Amino acid sequence: MEQKQSIQGFKGHARLPNFAIPKRYDLHLKLDLSSACAFSGVVEIHVSIVEETKFLLLNALELDVHEVLFTSSHGQLYRPCDVVLDGDDESLVLVFDQALGVGEGVLGIEFSAVLNAHLKGFYKCTYMDGGEKKNMAVTQFEPVDARRCFPCWDEPALKATFKIAVDVPPELTALSNMPIINEKLDANVKTVYFEESPIMSTYLVAVVVGVFDYIEDTTSDGVLVRAYCPVGKSDKGEFALNVAVKTLDLFSKYFSTPYPLPKLDMVAVPEFSGGAMENYGLITYRENELLYDPLHSTTARKQRMAIVVAHEVAHQWFGNLVTMEWWSDLWLNEGFATWVSYMATDILFPEWKIWAQFLQETSGGLVKDALEQSHPIQVEIGHARSILEVFDDISYKKGSAVIRMLQVYLGDDIFQKSLSSYMKRYSGKNAKTEDLWSVLSEESGVKVSEMMDGWTKKKGYPVISVKSKENILEFEQTQFLSSGLHGGGKWIVPITFSVGSYERRENFLLETKSRELNVSDLVDSLKNKEKYDEQPWIKVNIEHSGFYRVNYEDKLAARLRKAIKHKSLEATDKFGILDDAYALCEACEQSLSSLLSLMDAYRKEEEYIVVTKLIDVCYNVVNISSEAIPDSANELKMFFISLLLFPAEKLGWDSVPGESHFSALLRAEILQALVTFGHDKTQKEALDRFLTLLNDRNTPLLSADTRGAAYIAVMRNASSSNREGFESLLNVCREANTVQEKERILRCFTSSPDPDTVVEVLNFFLSEEVRDQDIVYGLAGISLECRETAWKWLKENWDLILTKYGAGMLLTRFVRDIVTPLCSNEKADEVEEFFASRAHPAISLTLDQSIAQVRIKARWVEHTRQEQSLEGQVRELAGKK
């Protein structure tokens, strides 16, 4: 009875007890890739018993445990009297009759399991070999799925070394974190032995078994870097390999710490739930994140690939060498890897002006953190399955934006010096947010934790209201919420602003709720120098580098509109003004009428990040206009088309030799927007070019960048009575032999306005023809007209979807991409009711946030219906040339 009560005492805890600490794992896995698709294994875990105990508690999930034996350092053998696998707690409890004494010992466990199909733990996927489908095996352990592969202490702070061996069919390649030291062939089994790893967390252990070609290069420090690609496609790994080699060198210097392993492998796997995973020394990627094909990859994909590779390589330091102590500090991994990946990309490709594009990360963080259902960057974690949900825009985007804000405030040199010190101090160890702040404070002399705790320990951020009266500027902060509610909270805000010219710039810390500042000197010097007759513009949050919004009083907003028309502002500031104005409008803090007036000032805009933000705002306004002002919806689209025609006509459909990176990026987005908004001329041209493509798949008339627009045009014209274009595109998809082309088509497939067609496409996504991982592309592109159709489909197919995809990362995409576009309280109620009996920790946060965004739009719709002169304004803007 006492024993059972003791086991009960371990139930329901998020963390493992600390009376035994793992030091080393000797892991031998034996793979069966036949139709059974299973594996067995033996793990010998060298542990330190730090407190006398009759229990050993570690993690295991969906494993069958066969034999368990504990051997003390004195050679004494202990067999457990009870072995309890708890599926809810994902634990393995070993109960011993005799207490294990303090000291060293080895815990041996024999186990077996099936290779699952849910892209987590140790899972199976397939590849084509001469027309025959064959099995391969891949691991994905982050955050808490090493326990699906072998019993272990599956927490980031419980670091150990790993010595791994794998039994595989002789024709297959086996890869792991470390280099191979030996191979033995015995009949039809090849045993591959790997070197012992340095100390690392369980979530970073990796094994990949399959068939690959590879290319290799070496860093200046002699680290061997390989890109493993599908057979016959190794040349497609060259771009990623080149970026990896350069970023390894770059980070070694930046962090003043060499890369700690002898090799770094990157491998493209055919099925993968995320984009990439930073396993120590063995980075896994979905194929289109590693394979660059100049003919079929878009300019945007090439740019993303550079950022993704830099992100994963950065993790070898931020995450792998120095690891967060617990998942509540996940942002230390992801926020920093995101920020530093942009820094590296900017150094490698300065012509891309990537820091300007970083504003898209900032914007994504601002959107998510304006929800009442947001969470702090440093977030409490309950159930293990809820960890996956904090791999989100707060950890990545807000995390990286807050780091960028701090870097700008402290200065590049101090920031770099601090990070080097941090790496040295915590190398091979675990760290918390406070540890980083402490190092930054030592190096800078600034009380960093005092300044930053508000940004990381509580959710949300401020909107700074700015007013001007006779050269006195008044700044006031309040929490910004998209719901229109006014939250509490006060932040220490690094304010930057310019008056009439970027040469007249000031900065200060806003540490109180409000502050007044006399800017007479700035205004006078401007008037003296430039013969200024009118009141100068005032732009707060220069380059949009601070993580906050700005709400200008009407007269200051009018001056900024004029500055935009006169092209007096930098692209980053034009982006920021529009981003803030849209957010304020959605929160019903400003009218749609004032937002449209601002958008009209961007009529001659050509800068990539500004036009893409304009397109983004156009899509979002169209999203609610069909509900709020249905009679003006078409005229609104005409206005948006007129805003985009100036840059569209300059760019045309065809690239020009020597044109900029941004021309190619913008051409793709602007043509897709014009087709979506129903611009007749663009649609006709798109359809004509598509017909040419059907006769010649390599036609120069449709480049990788412009194909998306043609495919959307086909689907916008597809219906149950006009299926020809859709069926042609379906054939192109089935015949496509590159992952890039398949991705592109899947992204466009659900853009049809016809409900029957969209349901047919959604069912196609669930078929065996589409890899599970690729569902994410199609869900994001569902047409405005079919958002309710998609929701009905999700309800009807929920049980099938849950069974097929499991409760993981892919499931959250179904919820987010299908629920969020809805925009009425009735639909929000319906969603809540449907999921009331289908709650799951893997989707709870995503569901709450998605429902909140539906209600925010519903409120915006109601607010917009009250605007009296809106329809007349839209008519006037639509007719403007």
Of all DSSP beta bridges in the chain, antiparallel share, percent nearest 5
80
Determine the relative contact order of the chain: mean sequence separation of Cα pairs under 8 Å and six or more apart, normalised by residue count, in whole percent.
8
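Could you sort the peptides 254-265, 661-672 by per-residue average Cβ neighbour count (10 Å cutoff), highest mean leading? Can you show the working numbers first?
Numbers: 254-265: 19.3, 661-672: 22.2.
Descending mean neighbour count gives 661-672, 254-265.
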Ellipsoid equivalent to the range 211-459 - semi-axes via the Cα gyration tensor, in Å
30, 20, 17
For the range 585-699, alpha-carbon Rg relative to the globular expectation (2.2 N^0.38 Å, N residues):
1.18
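For every other residue with a beta carbon closer than 14 angstrom to the beta carbon of Cys786, add +1 if it is Lys or Arg and -1 if Asp or Glu, then tell me the sum. Intermediate values should be presented prior to the final figure.
Numbers: positive: Arg716, Arg787, Lys792, Lys827; negative: Asp754, Asp756, Glu760, Glu785, Glu788, Asp817.
In short, -2.
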The chain: calculated mean residue ellipticity at 222 nm from DSSP helix runs of at least 4, using -39500 (n - 2.57):
-13000 deg cm²/dmol
If each part is reduced to its alpha-carbon centroid, the range 85-132 and the range 794-822 end up apart, in Å, by 27
With +1 on each Lys and Arg Cβ and -1 on each Asp and Glu Cβ, how big is the dipole of the chain about its Cα centre, in debye rounded to the nearest 20?
1500
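As a test of the definition: which semi-axes, in Å, follow for the range 829-881 when you take the square root of five times each eigenvalue of its alpha carbon gyration tensor? Largest first, please.
Semi-axis lengths for the range 829-881 are 38, 12, 8 Å.
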Which Cα, out of Ser220, Ile464, Leu877, lies furthest along the positive dipole direction of the chain (beta carbon charges, K/R +1, D/E -1)?
Leu877
Which one, Trp352, Gln535, Leu666, is farthest towards the positive end of the dipole of the chain when Lys and Arg carry +1 and Asp and Glu -1 on their Cβ?
Gln535
Largest-first principal axis extents, alpha carbons of the range 18-210, Å:
58, 36, 30
Sort 542-549, 30-37 by the packing proxy (mean of other Cβ within 10 Å over each peptide's residues), most packed first.
542-549, 30-37
May I ask you to give the percent of accessible area on the chain that is carbon plus sulfur, with a probe radius of 1.4 Å?
48
For the range 314-461, convex hull volume per residue from C-alpha positions, Å³
107
Each residue of the range 77-86 in turn: what ³J(HN,Hα) in whole Hz from Karplus with 6.51, -1.76, 1.60 and θ = phi - 60°, glycine and Pro shown as x?
9, 10, 9, x, 7, 8, 10, 10, 9, 10
As straight-line cross-link partners of Lys233, the qualifying aspartates and glutamates (C-alpha separation under 17 Å, not fewer than 8 residues apart within one chain) are Asp129, Asp213, Glu216, Asp217, Asp265, Glu271, Glu287, Glu289, Asp293, Glu741
Rounded to the nearest 20 debye, what is the charge dipole size of the range 18-210 about its Cα centre when +1 sits on each Lys and Arg Cβ and -1 on each Asp and Glu Cβ?
420
Please report the spacing between the Cα centers of the range 387-417 and the range 347-361 in Å, no decimals.
16
How many lysine pairs in the range 18-210, separated by 8 or more positions in sequence or lying on different chains, have Cα atoms less than 26 Å apart?
28
Given that compact globular proteins tend to follow 2.2 N^0.38 Å, what is the ratio of the alpha-carbon Rg of the range 93-162 to that value?
1.55
Compute, for the range 211-459, the length of the dipole vector about the Cα centre, with Cβ point charges of +1 (Lys, Arg) and -1 (Asp, Glu) only. Units Debye, rounded to 20.
180
Just the projected area, averaged over all directions, of the convex hull on the alpha carbon atoms of the chain: how many nm²?
38.4
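The values are calculated or read from the model by the stated rules, or taken from the named source; none is laboratory data. Given the structure is predicted, the values throughout are model-derived calculations rather than measurements. Positions of Cβ are generated from backbone atoms using ideal geometry, with glycine treated the same way; all protein chains shown enter the neighbour counts. The area values use the complete protein model at the heavy-atom level, side chains included, leaving out ligands, DNA and RNA. Shrake-Rupley method; radii C 1.70, N 1.55, O 1.52, S 1.80 Å.
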